[in-house]
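Reading through the structure tokens given below for one structure.
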Amino acid sequence: MNIGIFYGSSSGNTEEAAEKIRQGLSLPEENIHDISETEADPFDHYDVIT
């Protein structure tokens, strides 16, 4: 199963939480995305989006 983590953060707290989730799930760094810097394309590559 391919999991993508998408987050939005202005203070950095949500980014930090998303990173901890990524690490807890042992996902590669390319599976985490800042939604403000993401185009629609990455959504098509995942089975699950959190």
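Read-outs: derived from the displayed coordinates by stated rules, not from any lab. This one's a predicted model, so the numbers in the text were calculated from it and none came from an experiment. Cβ placement follows ideal geometry from the backbone for every residue including glycine, while neighbour counts extend to all protein chains displayed.
What to note about this one:
- Out of Glu19, Glu39, sole residue that is surrounded by fewer than 12 Cβ atoms within 10 Å (Cβ to Cβ) and not aromatic (Phe, Trp, Tyr): Glu39
- Restricting the chain to residues that are part of a strand (DSSP E or B) and touching a residue at least 40 places away in the same chain (Cβ under 8 Å), the residue that is farthest from the chain's Cα centre (by Cα): Val48
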